[in-house]
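Read through the structure below, which is laid out as structure tokens, and then see the notes.
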Amino acid sequence: MDSIPNRSIPKLHEAFQASFDIGAAVNPRTIIQAGELIAKHYNSLTAENEMKFVSLHPAEDTYTFEEADKIVAFAREHGKKMRGHTLVWHNQTSDWLFQEADGRPVSRDKLYDRLKSHIDTVVKRYKEDIYAWDVVNEVIADEGSELLRPSKWLEIAGPGFIAKAFELAHEADPKAQLFYNDYNESNPAKRDKIYRLVKSLLEQGVPVHGVGLQAHWNMYSPELDDIRAAIEKYASLGLRLQLTELDVSMFRHDDRRTDLASPTAEMLELQEQRYEALFKLLEEYRSHIDAVTFWGAADDYTWLNDFPMRGRKNWPLLFDEKHEPKGSFWRVVQRS
Ligand code: HAH
């Protein structure tokens, strides 16, 4: 083959070892199909779906740990760190949690009792393996003046569920780093709301240690200056920062085209420039940023295939569909 022999490709995480960890979201298929790539290039792993409430706790008396355990076993085998994702979210959460057997909504106390059982069971099970948890995911409203998005959590418990989740997670594992995690985190209006929420949690003495910037970005937005301002604003709270779900979509937010079977040369070049500029910025803030986790390992499998446009492929990561390093990989490691 005329491809470059594997040994001459630097390990991505080693290229950034002086700055931050480099993680990937994985699942039981990708640790097999891309196991070698993941083991080589990433030193931290997040379960893409397998530790979400609906995956682990489908019925009140049923926990299903098999898939999550496969990922933890892979991380152990290869000496990888692990982040936990996620304890409280409005999506991928089982309906039973919010309901009595007859379908009526549960009381706040009952919801909190159930949340405590869930957090105790899950966080304690993975205590030796997981050093940081996304405790609360995406509770801020994207638009408008409301701080919090409508959800069953808010409806039943009121805004106190957020502090409650952090307190329960801290009790379950006092050593774990606890994160508030959200997307559109660099949008100035949403950034300010995330800041307000986290600041008020800190003022109440709630154990929150970090802000997770999901960083589901594209080649055009957010602007570097908005990313910079968001990092500075969150860091001003004295919290640790992580990019928790980084990818760089090739399509603008409102782009609906579905005709491409592979990226054009122009798209690849634009993505290379974008990745280079992003990592340059991230390295500037390395004293605040502990980890940069990609939401996938390589372009053959990414949640952005089919989302938000059905039937549309996307190529948001640093490795191509054959697990070869893309131009973006080289731009990122050569500037590190
Ligand atoms: C993230 N949400 C979630 O945190 C992650 O758990 C999931 O696997 C993918 C993306 C981002 C998001 C979304 O799912 C839907 C609309 C907007 C943003």
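The values are calculated or read from the model by the stated rules, or taken from the named source; none is laboratory data. Computed from a prediction, not measured in an experiment: that's the story for all the values here. Glycine also receives a Cβ, built like all others from the backbone with ideal geometry; neighbour counts cover every protein chain displayed. Calculation scope for accessible area: heavy atoms of the full protein, side chains included, ligands and nucleic acids excluded. Shrake-Rupley method; radii C 1.70, N 1.55, O 1.52, S 1.80 Å.
Could you run through the stretch 256-279 and say how many residues are part of a loop (DSSP other than H, G, I, E, B) and surrounded by fewer than 17 Cβ atoms within 10 Å (Cβ to Cβ)?
Residues of the stretch 256-279 part of a loop (DSSP other than H, G, I, E, B): 256-264.
Retained after the next criterion (residues that are surrounded by fewer than 17 Cβ atoms within 10 Å (Cβ to Cβ)): 256-262, 264.
Selection size over the stretch 256-279: 8.
Quick test for you: out of D142, D182, D173, pick the one residue that is within 15 Å of the ligand (Cβ to nearest atom) and either touching a Leu at 6+ places or on another chain (Cβ under 7 Å) or open to solvent by less than 10 Å² (accessible area, probe 1.4 Å) (or both). Lay out the reasoning, then the answer.
Numbers: D142 fails: either touching a Leu at 6+ places or on another chain (Cβ under 7 Å) or open to solvent by less than 10 Å² (accessible area, probe 1.4 Å) (or both); D173 fails: within 15 Å of the ligand (Cβ to nearest atom).
Result of the check over D142, D182, D173: D182.
Conditions: (1) open to solvent by 30 Å² or more (accessible area, probe 1.4 Å); (2) among the aliphatic types (A, V, I, L, M); (3) touching a strand residue (DSSP E or B) at 6+ places or on another chain (Cβ under 9 Å); (4) not in a helix (DSSP H, G or I). A101 meets all but one. Number of the miss?
Only one criterion in (1) open to solvent by 30 Å² or more (accessible area, probe 1.4 Å); (2) among the aliphatic types (A, V, I, L, M); (3) touching a strand residue (DSSP E or B) at 6+ places or on another chain (Cβ under 9 Å); (4) not in a helix (DSSP H, G or I) is unmet by A101, namely (3).
Among the residues that make up the stretch 195-207, is at least one of them in contact with a strand residue (DSSP E or B) (Cβ under 7 Å, 6 or more places away or on another chain), open to solvent by less than 10 Å² (accessible area, probe 1.4 Å) and within 16 Å of the ligand (Cβ to nearest atom)?
no
Give R310, R335 a once-over and let me know the one that is farther than 30 Å from W133 by Cα and either within 16 Å of the ligand (Cβ to nearest atom) or touching a Phe, Trp or Tyr at 6+ places or on another chain (Cβ under 6 Å) (or both).
One residue alone meets the criteria, R310.
So, L282, is that one touching a residue at least 24 places away in the same chain (Cβ under 8 Å), at negative phi and not in a helix (DSSP H, G or I) or not? Step through it out loud before you land on a result.
Numbers: touching a residue at least 24 places away in the same chain (Cβ under 8 Å): yes; at negative phi: yes; not in a helix (DSSP H, G or I): no.
No, not satisfied.
Can T93 be described as more than 16 Å from the ligand (Cβ to nearest atom), at negative phi, open to solvent by less than 70 Å² (accessible area, probe 1.4 Å) and of a type in the set (V, I, T)?
Values: more than 16 Å from the ligand (Cβ to nearest atom): no; at negative phi: yes; open to solvent by less than 70 Å² (accessible area, probe 1.4 Å): yes; of a type in the set (V, I, T): yes.
When the stated conditions are applied, T93 does not pass them.
When both residues are 6+ apart or on different chains and their Cβ atoms are under 6 Å apart, which pairs have a first residue that lies in the stretch 17-32 and is on the phi > 0 side of the Ramachandran plot, and a second that is among the aliphatic types (A, V, I, L, M) and assigned to a strand (DSSP E or B)?
The qualifying pairs do not exist here.
If you check H253 against the conditions, is it open to solvent by 40 Å² or more (accessible area, probe 1.4 Å) and touching a helix residue (DSSP H, G or I) at 6+ places or on another chain (Cβ under 7 Å)? Let's see the steps before the verdict.
Working: open to solvent by 40 Å² or more (accessible area, probe 1.4 Å): yes; touching a helix residue (DSSP H, G or I) at 6+ places or on another chain (Cβ under 7 Å): no.
Judged against the criteria, H253 is not a match.
So how many residues does the stretch 229-245 have that are in a strand (DSSP E or B) and out of contact with any helix residue (DSSP H, G or I) (no Cβ under 8 Å at 6 or more places or on another chain)?
Final tally of qualifying residues: 4.
Can you pull out the residues in the stretch 135-144 that are closer than 17 Å to S200 by Cα and either free of Cβ contacts under 8 Å to residues at least 40 places away in the same chain or of a type in the set (A, V, I, L, M, F, W, C) (or both)?
Hits for the stretch 135-144 are V135, V136, V139, I140, A141.
Quick one: is L304 assigned to a loop (DSSP other than H, G, I, E, B), under 16 Å from N218 (Cβ atoms), open to solvent by less than 60 Å² (accessible area, probe 1.4 Å) and touching a Gly at 6+ places or on another chain (Cβ under 7 Å)?
On the way: assigned to a loop (DSSP other than H, G, I, E, B): yes; under 16 Å from N218 (Cβ atoms): yes; open to solvent by less than 60 Å² (accessible area, probe 1.4 Å): yes; touching a Gly at 6+ places or on another chain (Cβ under 7 Å): no.
So L304 fails the test.
Out of curiosity, is E128 acidic (D, E), surrounded by fewer than 14 Cβ atoms within 10 Å (Cβ to Cβ) and more than 28 Å from L241 (Cα to Cα)? Break it down stepwise before answering.
Details: acidic (D, E): yes; surrounded by fewer than 14 Cβ atoms within 10 Å (Cβ to Cβ): yes; more than 28 Å from L241 (Cα to Cα): no.
Taking the combined requirement at face value, the residue does not satisfy it.
Would you say E60 is away from the ligand (no atom under 16 Å from the Cβ), open to solvent by 50 Å² or more (accessible area, probe 1.4 Å) and touching a helix residue (DSSP H, G or I) at 6+ places or on another chain (Cβ under 7 Å)?
Values: away from the ligand (no atom under 16 Å from the Cβ): yes; open to solvent by 50 Å² or more (accessible area, probe 1.4 Å): yes; touching a helix residue (DSSP H, G or I) at 6+ places or on another chain (Cβ under 7 Å): yes.
Here the answer is yes, as E60 does meet what is asked.
Restricting to the stretch 36-56, and then to whatever is β-branched (V, I, T) and assigned to a helix (DSSP H, G or I), can you tell me which residue is most open to solvent (accessible area, probe 1.4 Å)?
First, pick out the residues of the stretch 36-56 that are β-branched (V, I, T): 38, 46, 54.
Still in the list and also assigned to a helix (DSSP H, G or I): 38, 54.
Numbers: I38: 0, V54: 62 Å².
So the residue we want is V54.
Might you let me know whether the stretch 270-283 holds any residue that is within 21 Å of N187 (Cβ to Cβ), within 16 Å of the ligand (Cβ to nearest atom) and under 17 Å from the mean Cα position of the chain (by Cα)?
no
The conditions are (1) within 21 Å of L246 (Cα to Cα); (2) open to solvent by 20 Å² or more (accessible area, probe 1.4 Å), and F65 fails exactly one of them. Which is it?
Checking F65 against (1) within 21 Å of L246 (Cα to Cα); (2) open to solvent by 20 Å² or more (accessible area, probe 1.4 Å), the one that fails is (1).
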